[in-house]
Structure formats: structure tokens, C-alpha cells
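Right, one structure below, let's go through it.
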Amino acid sequence: MKKTIISFFLILPLIAVSQSLPMKVVPQPKEAYFRSNADGFALESVAIVVESPNILSYQIDLLNDAIEKAGFQRLPVFENEVPINYSRKIYLGICSSTLSNMLDSIPEQNYKVSSDYPGKDGYILDIYKNIIINGSDLSGLINGIYTLISLLENHLGNVSLPSLRIIDAPDFPERWVYYPTNFLVAQNITNLKANWTKWRELKLSSPYVTDYKFDFITEQPKRYTDSITSVVKFSRDLDFEPVVGFFSFGYSNGMMYFNPNYAAGLPVRNQLFEIQDVKALLHHTVNVTMSNGDLESHNGNDFPGFAYIDAPGVKSFLDTEFKHSGNASVRFELDRGNTNYRVCYRTPVSPFKQYHVSGWCKTENATWTSQARITAINTKGYTLSYANSNIAKTKDWTRIDITFNSLESDTVYIYWGVWGGFSGKIWWDDLLVEECAFVNLLRRDGTPLSVNHQILGLNYQEKVDFDSLFDPKLGRVFSYNGEYDSYHTPPVLTATATGGLKEGTKIMASYYHTAVIYDGQIMASTTEPSLYKQIENQFIVIDSLFHAERYFMNHDEIRLFNWDYGDQQKGMTAGELLADNTQKCIDIIRKYSPDAKLADWSDMFDEYHNAKKSNYYLVNGDLTGSADLISKDILMLNWNTQQSAWQQSLDFFETKGFSQMSAPFYDTDQNNIRKRKEQTKNTKNFLGMMYTTWAANYNYVQHFAEYAWNHAPYIFHEPLPTNKIIADGVKLDLQIFGDWMDAGWQLSEAKCYYRLSPNDEFKSVDVDISKLPDCNTYIMLQDSVYSYFEYYITATDNHNWTTKVPFGENTSFIMDLRGNSVKMKEPKIDIRHEQNQIRIATYEPIEEIGIYDILGNNVVNVGAIHELPALVDISSLPIGIYFLKIKTGKQEYLRKISVIR
């Protein structure tokens, strides 16, 4: 990962759905078909019927906007009784048994919508004589409404929608978009609402939202919190609940706003000084002075005094025309075929001391594929400085500075140069290496300063023997706190006039300083108690504004850790220290939001990623074992991008009991999204994906929405009517479409599974796929006694994805081949509200039918019925709840029914 630049623009309209797909809905539904022999639904004399219209007011307005845009009048909304002049209805419900019964009245496969079917965020949408949307939950119902809006936009004829059925639910319950933003900028809020609206229409479930200023939200003006309040209300109306990011351990600059000393520290031990003119003058114990740092000594293209300079006379050249000072510099001519262009200086150093390195640099049309910087590496290959030098491609002489801590090293290699040089030129001159002190000095309880006499061991006291010592530029590079640089003029320890530090006194100072990673990244201390109090104070405000269902802890790329006194006195390993910090964050969340769900980045807990048993940046020790010590309630956002470790990483968290999501895209293209999904298909407790961009590139959100919801092959098959009569076989026609986002997609096979008795095993026949998208198969029936036919269809592609219709693990199409009754255990009851009838199908003669009101009064009674199915007139019944009793020769059945109109 890398630090996000929060710069957002309004996202352009999404690309159109592939024109070859017969149903223009994004994302593609799990099961969908048009009815070939049914009339469409005319948008005339239509009303919307919904049990709780208030919770859907936003979506109903969107639906009416789409209807109005199509040239029709906005539809009225009713909760129960609908005036008689509205002959067609759009019914909206959640797990509604009434709507399921209405679906059952259509002579097709019957489904009961529940929280389990089609499932979370799922719905059934049916367009026949009425439009019915029955959701498994509120989000499912809303998803169905968005599908209906798409149908209005893409499939509306002159006045009517085609008759069809859609049964739909996502592959993943969690479908997020990474969306940090600056809530202080009004235009950002406008763009946010436009983008979120479009993404919710694509059936995404949540945005991940965060802001650098969350870490110091108590300092923000009222317009900032007003913007958050507006966004939260908008997201609730939209059904697009934000996942809120906080606790930025790793990229912790925002936490430094109140006190830059909260940064994690590196130790400097027993650094030698001598008091001269009341100032502590640094005395180096190891001489690191360069003999030829000014590059004035040379022999042709060779410069003595260095470990090496890459390829003199081939890559590197003496230049007496362009130099910063004196008479000479070294020039590198970058070429695509030659990888590295470096000046390397080897020097002994004293362990746990701070060093300053600088050099003057000039560039001309210089480009590289890796980096151009100054850095230091010890003899074991351990990098000691990670600060970016930010060298421009073309610029006149500029001074570049870094610092590093030698840590346990006694010898280091210092580099000025380019890795992966590609073209252009770069010059270096006036190189410097020196020991330094107190740059980015930290002053807090966990980073104590100790000043002692070199020999006598006397301890000198601040404000008694020397003035208060602090770095006024620590974390104050710009006009606000929290931004650090690698080097600036450091403070000087100054003796007081009355203290014990006299002229010539030699002292040993031990202290802690922080270090910058790349472009200013700073890590916060994990052991400073007052920092947790500060974090808690900010979280109280965050939680009061968002009341989020899920909080995302941002443990990510923690690159400086477990060195300072506050860390070491805990007596923990780095992994234990990280787990302890994670629990402290959870404790703060639980204190104010006990039911909130948790999430975190995976890398610092992943032993196939940044928690490997190896050196990771400036972390003291490794982080192995941390995943064993944290709550398994944390949803892991697995962003391990190492292809060789993908599966190991997924397996690592799966075996430890974590649920997971992936974080695909990473500013690549849809292929990355598809591959990451394919990779996770066999991972248990895998909940979804988050579209993850570090460049605010949302051009592939539609592709992401498709892959997060569904996958090819897409099967379109209108099931045979349940009462179809066929002479000697069954012919099944269907269409199979591929992944329009994948140029390499191929269909591997398609099969039809069938049986002629509910007690038989399924048999299979191949589907002819030679003329895609049109496919068919024919099943011969040789025995005339068969009256039962059950089947389902599967298609498998070259990515080993298999699609099945009808949708659902244990579903299939069941029909009566010759008009005979297929035996069922219980009567089939269809309430036909439009015809004021109840249709009752049984496989035994009916002796009596009775309908009773809720007081037990018999309001309808029908005697013996010999012609099945039975049709019972209910036109005399008022709207309400009743009980239907059916008596056959063997049994009585009692069912609760609803009469609505």
C-alpha cells in the first residue's frame, strides 16, 4: 500500500453494459429470463404498494424519476388499500409471504422469499400482470428497485416492460469502495454524493471512508462536522452504510497534530559531546569524514576514496563543465540497458548513533524505473534510511539531505545514485557524511533524555544543568503539525550559567529520535498512554457523528516500531506489542460502540507479508505470532499482492479463524479484479472485495461491481411451463453468454441434469454449445408412464466458474409432462388477488373447504370438489387475515391467508 493523495473528481458516467447481453442490467443477475408468450406490463393505471413506504422514500423517488424520465406520470404510493381505478400494481416487500403467494400464482417454479433465499441483499423481481419485488432484506428490496430502474432505462417499449423474472443475490455480501476524502471541501461532498449514488445503483454495499483530519476532528470547524452529518444522513437514505477508517497506526501523521513527540523513536546511545562556550559540541568516536567528497581528486573518470562508482567511462564520467563547486563533478549518463548508476562510500560507524548525509544533485531529462535517492545500507544488507530524496527529472543543482541511525551496525555503505536508470543525465557533487545529533528529537515519557558525565557517571538535569532541549522543527515542516522531514538544522544542548556543565566537560547523551519513511510517513508510538487518551477523545466525536456499523482499524505498513524505551520496558516481542496495541484500539471502540463490527488491513499480521520472520524496515524484531493474539472478530482486508504468496496468505488467515476480504484493482485494470476473485473461490469465510485505488481512479468500478456480484457464464433460460404436455421428449432452449470484460473467456461445457422421479438420482446430458450464445439439448422419454420431470442446467468456463439455473444450491425446475398431477405432500395454494380467487391443487379429492375470520366465524364454505384444481371465490371477503381449512379423504390442512387488493 501507499499513502493516499486525497484528490477526487466527479466520476464520469459508467460505460454501457455489453450490447450482446440480452438483459441490460448491471451487475448481471444470477437468474433471469424473459417470458416469450406473455403480455408486457403497461405503465398505465399503475400504483405502488409497499408496507412501509417511509423507509423507501428515497428509492421510490428514484423509481418515479425514472418513470417520469420515460414520459409517464409519477406513480402514487399506497400501504394497503388501492383505489379500484388502479388496475396494475408494483408491489414492494421484504420476506413477504403475501408476495411469495402472488408469485406462486404464476404457473412457473415456486419460490418462497426468506432471509435465506435468495439470500442477503437478494430479491425476486417478477413482471407479469403486476410487478412484484420481494427482497430477502431491506438492501435486497432496494437492489430490486435499482434493477427495475435499469429495466425502465433499457427495456421499456412504447408503453410497457417485457414480462420477465429475475432471481438474484450477490456472490459476496461485502462489496466496498475505498473512498477517503476531505470533508472540509464543499465540492468533495457534492462529488461524494454523486459517486455514491451511482455506486449504490451498481449494488455495491459500502464505501470505506476516512480522512486525515479524523485524527484531530475536535479541532475542525462546524462546517466540517456538518458535512459529515449530511453525508451520514445521505448514506442512510441511500442504504450505503460507510465503513469508517480510524486508528492510523502506520501512517500516523494525523495523530501527531496535537503533539509531534508521539512519533515512534530510534535510540541514540552514549553520544559524546564537549561543552565549549556553553554549547555541547559533538565529538565523533568514529571518523566518517570523506577524503574526496568534493570529487576534486580524480584520474580520468576514476575518483579515489570510494568503495566504487558504477562503470567509470561507461556509465560515470568526470565532468569539469557542470559542477556545484570547485572544478569537477561526477556525471552519470543513464541508459535503458544499464541498471544502476551510483556513488558508493563505505565507512565504519559507531552503533546507535545518528548520521547526516548530503549531496548536491543536478538532472537533465533523467528518468528511472526504480528510484533516485541517497540511502545507507549496512554490511548485512539492512537498509537504514528510507526517506525519499524527491529528485526532479530536470533541475539545477539542489541539495539533498537524509539522516539515518546506525542501530547495531559498525560499518555502512552510503549511496548517492539511481536504481533502474532509463534515460537522461544526473550529476553529483560536494558529498558529505557526518555524525549529527538531536535531529527530530523526541521528548515524552517513552523517549527519555539522559545526559551523564563521560567518566564520573554524574547525571545532569534539564532546566538545572542545561536548558530545555527540544526540536522546534519536529513535525512542523509546514504550517500545521504532523509533517516531518528527514533533516533540518537540529537544536543544540546549551549549559545553564549556574549548572554543573562547565567549560570542557565531556558528556554522554542518550535520547530518541524519529525517522521519516519515504515521503514523510511517520509511525506513532504504541505504548504512550496519553496518546491513547487523545485517540479516544477523537473517536468519541467520530462515533457520535457516524454511529458506524463497522470500524476499520488502519494498522498498515508499520515501518518503525519496538525500539524506544516505552516499547522495550513492556518486555514484549514486536508481535505481542502489536497485538496489545490492536486490543487497545478495540477497547476504545467497544467502550462507545459495543456492537460495532471490526476490520483491519492484513499485512502486519500476515506471516506471508509484512509479518514475516525477517527484517521489515526499521522494526525491531519480527511480527510473527501477532495473528494468534488478536480477536478473530476482525475482518481481515487481505491485500497481499505477492502472487507467489496469495494462496498461502489466504490459507494463513482461514486456518486461524478469520473472515476475509480482498482489496483488488490497485490502479491496474479489471483483470486484477477478476484474478483476485478467482483466487479466493475456495476460501472459507471469504466475505467480499473492496475496490482499492490510491490514485482516485474509479474508472473500473462497474467492472468491480460485476465481479463482486456475479460471474460468467451467464445462462438465460425460460423454464418450461409446469403444465407443458410433451409427446416423447423434452427440448430445452437456452442462451449462454460470456464475460464481456475478459478477452480470453471461453465456455468449457454445459450440462442438463434431470430425473423422472423425486426418488431418482440426477442424470446428465450435454448441452450443444457449438453455436453460442444459442444452445439446446433434447431428452428422450421412452416410457409413457413418466409424469414427473425435474431438471437444472449448469455451464462451466475456462476459469472453472460454474453457473447454475435455477439459482440456489438445492433448487430445480419441476413440471408435469402430460398434464397429470405430480404428487406433493401438501396442497398448493395460490391466492389470485386480481381474480378474487384462491386456487387449490391437491392430489387427493377435496371433501370440504372452509374459510374462517380471526374470530373463528365461518365466512366461506364449499362442499366436495371433484374437478381439480379447485377455484374458490373470495370476492365477498374484506381485506384482512383469514384461516383456510382444507379437508381431504385422509387429512385436514389449516393455513393462514391474507386478502389484499
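Just in the stretch 648-721: which trypsin sites (Lys or Arg not before Pro) are loop by DSSP and have at most 15 other Cβ atoms within 10 Å? Please report the intermediate quantities before stating the final value.
Numbers: sites: Lys656, Arg674, Lys675, Arg676, Lys677, Lys681, Lys684; in loops: Lys656, Lys681, Lys684.
Those that pass, being in a loop and sparsely packed, are Lys656, Lys681, Lys684.
Of Lys213/Lys362; Lys89/Lys896; Lys213/Lys597; Lys731/Lys763, which sit over 26 Å apart, Cα to Cα?
Working: Lys213/Lys362 37 Å; Lys89/Lys896 23 Å; Lys213/Lys597 22 Å; Lys731/Lys763 16 Å.
Check vs 26 Å cut-off fails for Lys213/Lys362.
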Quiz item: Where the centroid of each part is defined by its Cα atoms, how far is the stretch 468-495 from the stretch 584-633 in Å?
Solution: 31 Å
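Using Cβ contacts closer than 10 Å as the measure, can you line up Phe478, Phe306 from fewest to most? Could the numbers behind the result be given before it?
Working: Phe478 11, Phe306 21.
Fewest-to-most Cβ neighbours within 10 Å comes out as Phe478, Phe306.
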Exercise. Compute the acute angle (0 to 90°) between the alpha-carbon long axis of helix 574-592 and the principal axis of greatest extent of the alpha-carbon atoms of the chain; round to the nearest 10°.
Key: 50 degrees
Practice problem: Any aspartates and glutamates with Cα under 18 Å of the Lys198 Cα? List them, leaving off those in the same chain fewer than 8 positions away. | Solution: Asp61, Asp65, Asp121, Glu153, Glu174, Asp237, Asp239, Glu241, Glu706
Exercise. Using only Cα atoms, locate the centre of the stretch 259-295 and the centre of the stretch 89-138, then give the distance between them in Å, rounded to an integer.
Key: 74 Å
Exercise. Please list, or write none, the aspartates and glutamates whose alpha carbon is within less than 15 Å of the alpha carbon of Lys570, excluding same-chain residues fewer than 8 places away.
Key: Asp445, Glu528, Asp580
Quiz item: What does the helix-only formula give at 222 nm for the chain: each DSSP H stretch with n ≥ 4 adding -39500 (n - 2.57), the total divided by the residues, and the result rounded to the nearest 500 deg cm²/dmol?
Solution: -5000 deg cm²/dmol
Practice problem: Normalising by the residue count of the stretch 714-816, find the relative contact order in percent from Cα pairs under 8 Å and 6+ residues apart. | Solution: 33 percent
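Semi-axes of the equivalent ellipsoid for the stretch 603-694, please: Cα gyration tensor eigenvalues, times 5, square-rooted, ordered largest first, whole Å. Let's see the in-between values first.
Working: eigenvalues 98, 53, 24 Å².
Ellipsoid half-lengths, sorted descending, are 22, 16, 11 Å.
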Exercise. Just rank Glu503, Glu848, fewest to most, by other beta-carbon atoms within 10 angstrom.
Key: Glu503, Glu848
Exercise. Would you give the gap between the C-alpha center of the stretch 521-571 and the C-alpha center of the stretch 695-771, rounded to a whole Å?
Key: 49 Å
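Quick note: the coordinates plus some simple rules give every number you see, no bench work behind them. Just so it is clear, the structure is predicted and the values come from calculations on it, not from any experiment. A quick note on method: Cβ atoms are made from the backbone with ideal geometry, for glycine too, and the neighbour counts reach across all protein chains shown.
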